[in-house]
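Laboratory data are not the source of any read-out in this text; all were calculated from the coordinates shown. Predicted, not measured: the structure shown is a model, and the values here were computed from it.
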Amino acid sequence: MIVVNLISYILVLLGGINWGLYGIFNFNLVSFIFQGDRTAGAIAVYVIIAIAALWLLLSSLVNGGAVRVFGHRSRERE
């Protein structure tokens, strides 16, 4: 589950960067890469980013507000 959380964070960050580019410069990176807003590739990317955002939201609700990205390390005392 930690790997899924990390991938979700990366996807949501990329989605946020795309929104920032669109808001500031009126440049949609996903549309530029896939040559259109409503192409199959662009729609797939938008859906994957939306699923990643929902995953992070639901994951934090289930885990009491915390989303783990790194594994738990136990410290051994000497």
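Hey, what number do you get for the chain at 222 nm if only DSSP H runs of n ≥ 4 count, each worth -39500 (n - 2.57), divided across all residues, to the nearest 500?
That calculation yields -23000 deg cm²/dmol at 222 nm.
Take every Cα pair under 8 Å whose residues are at least 6 apart in sequence, average their separation, divide by the length of the chain, and the relative contact order is 40 percent.
Helix 40-62 axis versus longest C-alpha principal axis of the chain: approximately 30°, rounded to the nearest ten. Where q = 0.20 Å⁻¹, what log10 of I(q)/I(0) comes from the Debye formula for the chain, counting one point per Cα? Log10 of I(q)/I(0), two decimals: -0.89.
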